[in-house]
Structure formats: C-alpha cells, structure tokens
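Worksheet for the structure shown next.
The values are calculated or read from the model by the stated rules, or taken from the named source; none is laboratory data. Here the structure is a predicted model, which is why all the values come from computation and not from measurement. No Cβ is skipped: glycine too gets one built from the backbone with ideal geometry, and neighbour counts run over all protein chains shown. Each accessible area value is taken on the protein alone, full model and side chains, heavy atoms only, with ligands, DNA and RNA left out. Shrake-Rupley method; radii C 1.70, N 1.55, O 1.52, S 1.80 Å.
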Amino acid sequence: MSHSLLSQIFSPTVLLYAFAFTSQIGHGIYSVTEGDPPRVFTVASGIGFLWILGWWMRRDSRLRSIPWIYDMGMFLYMVWPFLMPYYLIKTRGAWGLLGILGFAGAYIGGLIVGVIVASLFVQGVV
C-alpha cells in the first residue's frame, strides 16, 4: 500500500464519516434494546466526534488559509451543527452541499443499520 493511499484512508474526512456511521450504529442498537448506553460509550462518542471534527476543520482551514478563532474547541462543541454547513457552503459553494448530504447519509445510515441489526437480534432472526 502506498503512502498516498494510506494517508487518504486515514484522512480526517474519511475518519469523520466512518466515526459518525459506526457511533450511530451503536446508538441505533441501544435505542432498540431500550437500554441506556454505557457512559463510556456516550462520553467516548462525543469526545471522539469533536476531536475528529476539530482535526478535519484544522486541516481544511490550513489548506484554504482560513484563520481560526481563539477557542475553536469550545466553539465547535457549542455550534458545530450550524458552523459546519456554513463553513462547507462558504468554502466550497454548491459542492459543500454534497459534503453535508454525505455526512447526513452516514449519520442517518448508521442509525438505520443499528436499528435493523438490533431488531433482528431482538426478534431472534439472527
């Protein structure tokens, strides 16, 4: 495997989509089994998501020469659902909508996969 391919696989963008998808599978499973997720899962998924999101935004803003605000971590934590669509559309124009749709698809798709898998186990099909 070449270095370029490996760096693309482990890029913040790919990891952000993969993390959103897999963590939502967990949320989907817990929603069907009506159990509260362990606190470790809740904390790890929240911190992990913000960490990958911050990594992606730092890398992307450096590539586009966009300066950061003073406390980007707290800013991302508080307003990421509004900031990210704005940032994508502002920096990419209409192409930013594809990124938003892709993320929404990974987020919702993971939840659906988790619900389906958990439902099959609860019903005893698997």
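Quick notes
- Calculated mean residue ellipticity, 222 nm, the chain: -28500 deg cm²/dmol, from DSSP H runs (n ≥ 4) at -39500 (n - 2.57) each, averaged per residue and rounded to 500.
- A Cβ-based charge dipole, computed about the Cα centre of segment 10-100 with Lys and Arg at +1 and Asp and Glu at -1, lands at about 460 debye.
- Accessible surface of the chain, 1.4 Å probe: 71 percent of it comes from carbon and sulfur atoms.
- Alpha-carbon radius of gyration plus Dmax, which is the widest Cα pair, for the chain in Å: 16.7, 54
- Mean Cβ neighbour count within 10 Å, used as a protection proxy, ranking 21-33, 108-120 highest first: 21-33, 108-120
- Percentage relative contact order, the chain, counting C-alpha pairs under 8 Å, at least six apart: 45 percent
- q = 0.13, 0.14 Å⁻¹, segment 71-126: log10 I(q)/I(0) [Debye, one scatterer per Cα]: -0.51, -0.56
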